[in-house]
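The values are calculated or read from the model by the stated rules, or taken from the named source; none is laboratory data. The model shown is predicted, which means the values in this text are computed figures rather than measured ones. With ideal geometry, Cβ positions are generated from the backbone for all residues, glycine too; neighbour counts draw on all protein chains shown. Keep in mind that these areas ignore ligands, DNA and RNA; they rest on the heavy atoms of the full protein, side chains included. Shrake-Rupley method; radii C 1.70, N 1.55, O 1.52, S 1.80 Å.
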Amino acid sequence: MTKDQLYKELNYVNATRICRAKYANLIIENLNLITPLLEILFSDDKKISPRASWIFEFAVKEDFTIIFPHLDKFINNLSTLQIDSAKRPCMKIIEILIEKYYHKKNSDIIKHLTKQHKEKITEVCFDWMMSEEKVAVKAYSMNSLYFLGTEFDWIHPELKTIIERDYSSQSAGFKARSRHILIKINK
């Protein structure tokens with residue numbers, strides 16, 4: 001399947017779990033489609049880019065190792081994302097990787113996720129925490145920053161400052177995640 005064919009196929013993707021799982025399996029069974037999928041994901045196409053991100057999220061949830069050959073491209077392009085509905089699935093992928101690295105101590109991820117990757121992730125998470133993003137993007141960023149802060153000691157104080165500054169003006173979902181993160185930071 002070519003990039004153009006994949007692009008056309010993504011027109012048929014909808015948000016249902018069944019549909020996302022079907023296309024995620026297509027990607028897993030044809031790993032050569034990841035490169036064109038990522039090109040589409042990081043394009044400025046308001047309709048198709050989010051669909052590509054849904055599929056990639058589902059595929060990574062199914063088999064997180066498929067991202068390893070594409071980590072540089074994925075992480076380095078996060079900051080270029082402009083479409084809100086594409087950011088949420090991408091930050092969920094980041095949260096999955098970070099949790100597997102720090103919480104589950106997964107040896108495959110530890111081997112592939114470099115210091116440069118973690119620094120770039122930290123930068124993107126802080127950028128999105130301080131901008132007008134949807135609550136899910138902020139929540140995934142917050143959680144990722146919490147784990148990153150267990151390695152980089154400067155992160156927790158900065159994260160705490162941002163949470164406390166923004167707490168009163170944010171949604172109930174942000175407040176709930178914030179309370180959870182603050183408890184963990186203050187232990």
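Here are some notes:
- Note on D4 and K115: their simple-model spin labels are 4.6 nm apart, each label 7 Å out from Cα toward Cβ.
- Matching label, Cα extents along the principal axes in Å computed from the structure shown, candidates (i) 55, 39, 35; (ii) 40, 34, 33; (iii) 50, 36, 27: (iii)
- Degrees, to the nearest 10: 115-129 long Cα axis against longest axis of the chain: 80
- Heavy-atom SASA rank of M1, M91 (probe 1.4 Å, accessible area, largest first): M1, M91
- Aspartates and glutamates with Cα under 12 Å of K92, excluding same-chain neighbours fewer than 8 positions away: E57
- Within the accessible area of the chain (1.4 Å probe), percent carbon and sulfur: 49
- Charge tally for T2 (other residues, Cβ to Cβ under 15 Å; Lys, Arg +1; Asp, Glu -1): -1.
- Protein-only accessible surface order, largest first, of K104, K92 at 1.4 Å: K104, K92
- When nucleic acids and ligands are ignored and a 1.4 Å probe is applied, T150 ends up with an accessible area of around 80 Å².
- Average accessible area per residue (Å²) across the range 39-187 - probe 1.4 Å, nucleic acids and ligands excluded: 47
- Estimated FRET transfer efficiency (R165, K105; beta-carbon r; R0 25 Å; 0.05): 0.15
- From helices alone, the chain scores -21500 deg cm²/dmol at 222 nm; the rule is -39500 (n - 2.57) for each run of n ≥ 4 DSSP H residues, then divide by the residue total.
- The Y12 and S85 beta-carbon pair, evaluated with R₀ = 22 Å, returns a calculated FRET efficiency of approximately 0.80.
- A simple packing score, the average count of other Cβ atoms within 10 Å per residue, orders the peptides 8-16, 155-163 as 155-163, 8-16, with the highest score first.
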